[in-house]
Amino acid sequence: MSSFLGTETHAIDHKGRIAIPAAMRRGEGRGKPLASFVLASGFEGCLALYSLEEWTRVEQRLRRVPMGGRSGRAFQRAFLLDVVKVSVDAQGRITIPPALMGRAGLSKEAVLHGVLNRIEIWNPERFAAEIKLGQDQLDALAAEVLGEE
């Protein structure tokens, strides 16, 4: 299982291509850089780039969402909207489709942020605001997430 780490800002060209650094494509514990990913909408307005191996785990979790209720079906539809498999080109770039560019508010540059099982792709302003929110609430979030008081 790979862990993606690091935070970098990269340009997006006029065709929607962005370079994924070799160190991020390689991830922790992987020798050869990944050649393809699954790109999906993330949470809080970012995009999420998953290895194919990790996407299989995401699909397994999605298959466990109860389909008897409308909210389960609605979540699956919304989460899977515009999901696409992307290939890394010879220059280490992926192409972000226009629909996903719009959802994430991306234009000329993006922040790539490794979050263990995925790489998040952020509009720089949204990322800065989200990081500030997290830092401002770090103690409360730690207690909630880690179960400490």
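The values are calculated or read from the model by the stated rules, or taken from the named source; none is laboratory data. Fair warning: this is a prediction, and the values are worked out from it, not measured in the lab. Here Cβ is always computed from backbone atoms with ideal geometry, including for glycine, and neighbour counts include all displayed protein chains.
Of all residues in segment 126-148, those being surrounded by fewer than 14 Cβ atoms within 10 Å (Cβ to Cβ) and not in a loop (DSSP other than H, G, I, E, B) number 15. Residue count for segment 2-23, restricted to those that are hydrophobic (A, V, I, L, M, F, W, C) and closer than 19 Å to PRO98 by Cα: 5. Looking at segment 60-84, which of its residues are surrounded by 13 or more Cβ atoms within 10 Å (Cβ to Cβ) and farther than 26 Å from ARG17 by Cα? Residues satisfying the conditions are LEU62, VAL65, GLY72, ARG73, PHE75, GLN76. VAL145 falls short of the stated requirement of being at pLDDT 95 or above and either of a type outside the set (Lys, Arg) or more than 30 Å from ARG63 (Cβ to Cβ) (or both). Does any residue of segment 85-94 turn out to be within 14 Å of the chain's Cα centre (by Cα) and surrounded by 13 or more Cβ atoms within 10 Å (Cβ to Cβ)? Yes; the residues of segment 85-94 include at least one that is within 14 Å of the chain's Cα centre (by Cα) and surrounded by 13 or more Cβ atoms within 10 Å (Cβ to Cβ).
Restricting ARG61, ARG25, ARG17 to those that are over 17 Å from HIS113 (Cα atoms), out of contact with any Phe, Trp or Tyr (no Cβ under 6 Å at 6 or more places or on another chain) and among the basic types (Lys, Arg) reduces the list to ARG61.
Among residues of segment 79-103 that are among the acidic types (Asp, Glu), those with a beta-carbon under 9 Å from a residue that is surrounded by 13 or more Cβ atoms within 10 Å (Cβ to Cβ) and assigned to a helix (DSSP H, G or I) at least six positions away or on a different chain give the pairs ASP82/LEU100; ASP82/ARG103. Screening segment 95-125 for residues that are acidic (Asp, Glu) and surrounded by 12 or more Cβ atoms within 10 Å (Cβ to Cβ) and picking the one that is farthest from LEU47 (Cα to Cα) gives GLU109.
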